[in-house]
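The values are calculated or read from the model by the stated rules, or taken from the named source; none is laboratory data. Note that the coordinates shown come from a computational prediction; the quantities given were computed from them, not determined experimentally. Note that each Cβ is placed from the backbone with ideal geometry, even for glycine, and that neighbours are counted across all protein chains shown.
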Amino acid sequence: MKVISVSWVLVLAIIAVLFVLTAGCTGTGKEKVPLRVYCAGSLIIPFGEAEKEFEALHPGVDVQLEPHGSIQVIRQITDLHRPGDVVAVADESLIPDLMYRRAGVDGTNYTDWYLPFGGNEMVIAFTNKSRYASEITEDNWYEVLSRPGVKVGLSNPMLDAAGYRALIVAKLAENEYHTSNLFGVLLGDHFDPRLTVRTVGQVTTIILPEIVKPSDDHVVVRDGSIFLLSLLEAGGIDYAFEYRSVAEGKKLRWIRLPPSINLGSPEYAKNYRTVNVILGFQRFSSIGTERVGVPIVYAVTIPYSAAHPEIAKEFVDYIAVESQKGRPGWPSPVNRTEIIRE
Amino acid sequence: MPGQKMQGLILIACCCLVLVLISGCTGNATGKSIPSADPAFGNWDLTLNGTTQKVLTRSDLETLPAVTANGYAVSTTGIRFGPYTCKGVDLRDLTALVGGIGEKDQIWVYAPDGYLWVFDAGQLNGKGFVTFNESLREVPSPPLKVILMYEQDGKPVTYNDGGPARVAIVSDSPGIVTEGSAWVKWVDRIEVHKK
């Protein structure tokens, strides 16, 4: 009897220990709810902060950020059919253009609303190491960037909205400062082939070649802003066309551009629309090649297929509230924060 | 003694049962395995358009001279993918099947999800790419090749990784990272555009 009792006690003890050791494998109870958020690359810093803060407020939620270019953000849902709870882009027009369409046989759209939650503006970012850093001002920036030996960076306009927005800003500067061919001197003449510019009536169109390739050292093009910033910090370029929030978030020095050309002021929307860019080829079949100068407005939505729409709504609300506070490195507050429906 | 033997057997049986029950915990986090090939891969083919046209199956691709080298990509937002050992066919060899490329020609690479990327002839010769080390610091470019990869780390490229065939920019040097926009996934058509 004694032997039997000892054996059974041993068996039960082993089972108990193994159950304790494997308790995390059952998948019930204490696992965090994943909230998958696709966001524009220029939102990495603010959304990274929001991730930590939101998780602290909601200990049961694991916010999973996945940054891409804004069009790629939307394509994760519409073309690649990946699961996602929140979509946040750096151009509000992309959501109605790409997501207000049927997602499946039941007639539901990918989404039918969006919330504009922040604005931004283009600036000239630089560091203390930049050539003529002690001379550049809001009044002479275009003259400094035109000087021989100065290296100017922009992200690839085929890939990044900040890239084609840089071209639009440079073209708008030509009229602002009444300097003919300023666009060519700053950027357009430093590509192989040179960028073609056509003006019909009040509208100027910049036409890109299929391959955006600098012809000399004055202009440096990289796929994304992250690589430009790294070059700027290493002294590989002197100045970069960047979003104000990104320059601020990276603690760089930056020059504010006039509101009439910086794409940050809705009251100048009519002026911005006088310049557009035609991309060299249709990279995505779901969106055309024309990019128009418009005020920069960030927008967020919850796709129809969100696995956790209630938590996603709480996250969207959190972003909307925090964006209105004017936090450093975040998109700037916007006047219109109501949901826009189809 | 027979009683003791029986108890010993019960003890061993119980332990085995528990080990079997918990064995599912040692797999990956999702409990799902990624298939080495999508069922739809069987229908895949590659259309080449140049001065002539040719359609290749996966088997045809595997009969062409293969390049095996190191590949490592980074997205526009700094997310790295790799490093991989990539096996595939040099795009110059593929375009040679339909008339080849001239110095000023372009190569348009399409995927069925609506993605398109354009290379020039210089890029097909490995020129004009930005290269980084693993810390994403820019480094001088070693010799590069642009291939249509069908094997990644010795296995068929999975659907999630862009299979059955995707573009990869490869080098003999390990740890060289290239910009990912050119790494077109799910390639099904390559066109030579004469300039």
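Considering every residue within region A:198-221, establish whether at least one is within 25 Å of A:Pro295 (Cβ to Cβ), part of a strand (DSSP E or B) and within 11 Å of chain B (Cβ to nearest Cβ). First the steps, then the outcome.
Residues of region A:198-221 that are within 25 Å of A:Pro295 (Cβ to Cβ), as a first pass: A:198-208, A:212, A:221.
With part of a strand (DSSP E or B) added as a condition, the list becomes A:198-200, A:203-207, A:221.
Narrowing the set further to residues that are within 11 Å of chain B (Cβ to nearest Cβ) leaves A:221.
For region A:198-221, residues within 25 Å of A:Pro295 (Cβ to Cβ), part of a strand (DSSP E or B) and within 11 Å of chain B (Cβ to nearest Cβ): present.
Has region A:234-247 got at least one residue that is without any contact (Cβ under 8 Å) to a residue 40 or more places away in the chain and either in the same structural domain as A:Ser146 (by TED's automatic domain parsing) or crowded, with 19+ Cβ neighbours inside 10 Å (or both)?
Within region A:234-247, the subset without any contact (Cβ under 8 Å) to a residue 40 or more places away in the chain is A:234.
Those left that are additionally either in the same structural domain as A:Ser146 (by TED's automatic domain parsing) or crowded, with 19+ Cβ neighbours inside 10 Å (or both): A:234.
Yes - at least one qualifying residue is present in region A:234-247.
Considering only region B:142-158, state which residues are within 14 Å of chain A (Cβ to nearest Cβ) and closer than 15 Å to B:Gly175 by Cα.
Hits for region B:142-158: nothing passes.
Please state which of the following conditions A:Leu263 fails to meet, knowing it meets all the rest: (1) among the aliphatic types (A, V, I, L, M); (2) under 21 Å from A:Lys129 (Cβ atoms); (3) more than 14 Å from chain B (Cβ to nearest Cβ).
(2)
Sort out which residues of region B:135-165 are part of a loop (DSSP other than H, G, I, E, B), within 19 Å of the chain's Cα centre (by Cα) and not polar (S, T, N, Q), and write them in order of number. Walk me through it before giving the result.
In the first step, residues of region B:135-165 are kept if they are part of a loop (DSSP other than H, G, I, E, B); the result is B:135-137, B:139-144, B:153-154, B:157-165.
Now narrow it down to the ones that are within 19 Å of the chain's Cα centre (by Cα): B:144, B:153-154, B:157-165.
Of everything in region B:135-165, those that are part of a loop (DSSP other than H, G, I, E, B), within 19 Å of the chain's Cα centre (by Cα) and not polar (S, T, N, Q) turn out to be B:Leu144, B:Asp153, B:Gly154, B:Val157, B:Tyr159, B:Asp161, B:Gly162, B:Gly163, B:Pro164, B:Ala165.
Just wondering, is there one or more residues in region B:187-195 that are in contact with a Pro (Cβ under 8 Å, 6 or more places away or on another chain), at pLDDT 95 or above and either part of a loop (DSSP other than H, G, I, E, B) or under 26 Å from A:Ile226 (Cβ atoms) (or both)?
Filtering region B:187-195 down to residues in contact with a Pro (Cβ under 8 Å, 6 or more places away or on another chain) leaves B:188.
Okay, now just the ones that are also at pLDDT 95 or above, so B:188.
Keeping just the survivors that are either part of a loop (DSSP other than H, G, I, E, B) or under 26 Å from A:Ile226 (Cβ atoms) (or both) gives B:188.
Yes: region B:187-195 contains one or more residues that are in contact with a Pro (Cβ under 8 Å, 6 or more places away or on another chain), at pLDDT 95 or above and either part of a loop (DSSP other than H, G, I, E, B) or under 26 Å from A:Ile226 (Cβ atoms) (or both).
Kindly indicate whether A:Pro309 is surrounded by fewer than 20 Cβ atoms within 10 Å (Cβ to Cβ), under 17 Å from A:Ser42 (Cα atoms) and not assigned by TED's automatic domain parsing to the domain that holds A:Gly201. Steps first, please.
Details: surrounded by fewer than 20 Cβ atoms within 10 Å (Cβ to Cβ): yes; under 17 Å from A:Ser42 (Cα atoms): no; not assigned by TED's automatic domain parsing to the domain that holds A:Gly201: yes.
The answer is no for A:Pro309.
Among the residues of region A:312-342, which ones are among the small types (Gly, Ala, Ser) and surrounded by 15 or more Cβ atoms within 10 Å (Cβ to Cβ)?
Taking region A:312-342 and keeping what is among the small types (Gly, Ala, Ser), we get A:312, A:320, A:323, A:326, A:329, A:332.
Those that are among the small types (Gly, Ala, Ser) and surrounded by 15 or more Cβ atoms within 10 Å (Cβ to Cβ): A:Ala312, A:Ala320, A:Ser323, A:Gly329, A:Ser332.
Pairs, please: C-beta under 8 Å, at least 6 apart or cross-chain, first residue closer than 13 Å to A:Val300 by Cα and in region A:28-50, second among the hydroxyl-bearing types (Ser, Thr, Tyr) and not in a helix (DSSP H, G or I)?
Qualifying pairs under 8 Å: A:Ala40/A:Tyr298; A:Leu43/A:Tyr298.
Of all residues in region A:119-139, which are polar (S, T, N, Q) and surrounded by 14 or more Cβ atoms within 10 Å (Cβ to Cβ)? Spell out how you get there, then give the answer.
At the first step, the residues of region A:119-139 found to be polar (S, T, N, Q) are A:120, A:127-128, A:130, A:134, A:137.
Result: A:Asn120, A:Thr127, A:Ser130.
For region B:166-186, give me each residue that is assigned to a strand (DSSP E or B), away from chain A (no Cβ under 13 Å) and of a type in the set (A, V, I, L, M, F, W, C).
In the first step, residues of region B:166-186 are kept if they are assigned to a strand (DSSP E or B); the result is B:166-171, B:177-179.
Retained after the next criterion (residues that are away from chain A (no Cβ under 13 Å)): B:166-168, B:170-171.
Of everything in region B:166-186, those that are assigned to a strand (DSSP E or B), away from chain A (no Cβ under 13 Å) and of a type in the set (A, V, I, L, M, F, W, C) turn out to be B:Val167, B:Ala168, B:Val170.
For residues that are touching a helix residue (DSSP H, G or I) at 6+ places or on another chain (Cβ under 9 Å) and acidic (Asp, Glu), scanning just region A:98-139, find the one that is farthest from A:Leu257 (Cα to Cα).
Here the answer is A:Asp112.
Restricting attention to region B:88-119, and to residues there that are of a type in the set (A, V, I, L, M, F, W, C) and part of a helix (DSSP H, G or I), which single residue is surrounded by the fewest Cβ atoms within 10 Å (Cβ to Cβ)? Before you say what the answer is, go through the steps one by one.
The first filter runs over region B:88-119 and keeps only residues of a type in the set (A, V, I, L, M, F, W, C), leaving B:89, B:91, B:94, B:96-98, B:101, B:107-109, B:111, B:116-119.
So of that shortlist, the ones also part of a helix (DSSP H, G or I) come out as B:91, B:94, B:96.
On the way: B:Leu91: 21, B:Leu94: 24, B:Ala96: 14.
Top of the filtered list is B:Ala96.
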